[in-house]
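Structure first, commentary second.
Quick note: the coordinates plus some simple rules give every number you see, no bench work behind them. These numbers were taken from a predicted model, which means no experiment stands behind them.
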Amino acid sequence: MALLDAVARSGPGGAALRELCQTVGLHQSTGRTILAALVTHGLVAQDERSRYYRLGARVFTLNQMYLAQTDLTVVSAPVMRALWEQTAETVHLAVLQGARRVNIAVLVSPQLLNINPSGRANDASLVPLEKTAAGKVLLAALEPDELSAMRRNADWEYFAAHPRPLTETLQDELREVRADGYATNVEEGAIGVCGVSAPVWDQSGRAAAALAVGYPAARYSPDYAEAMRKAVCDAAAELSAIMGGRPAGSWGTP
């Protein structure tokens, strides 16, 4: 696997046998034998002229099969469960459907005082996207033209509940989210509700979802908020790694 990984990291041009063996610490005779087996199975290809090794077509096929089997709600379940156990707060995974935020998975806090986004009073689709932590992450992950198109194509009911235009102030907020790599909400969308969210990246570098923790403002303090932020960011990074994802562009870059 180390040799296959070295081939993958060599880029589209591939790499020579000596370079690959030096990278993983193998004798060339051993490396040649392993690479020959990988070539036989289509995982690695060797250029006839340069004799350089690069990834084979079989890797693409396996990747497509993996993606077909990767149901976000299924893959996220153990990560969300671990985050729920760590924080004892409500954990949810949200995606954009048109101009609305939809929770596709929710684990409600076991504490008596909790946030339940499944309840009508906390219906995420009724709260402006820019007023929730997960909504901010999903908005910030959109390209400028995608963001404008989303607002332009939203139905009248959405605009009735989300009248805020794409002001420079909002754009500044979204730039801050991209720089920080996460978003927070302290009673912005509803009195008594706080939250923190971070993006879950897919292989294309796009945010497939926003992982978030919601908690009552009664438990808010700077230290508590920081603990929730770290827990969410770590969990989102773990889930992104499982998805084979990576941050896009300037995310996490001040």
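Take the Cα radius of gyration of region 163-238 and divide it by 2.2 N^0.38 Å, N being the number of residues; the result is 1.17.
Computed on the Cα atoms alone, the convex hull of region 2-67 gives a volume of 80 cubic angstrom per residue.
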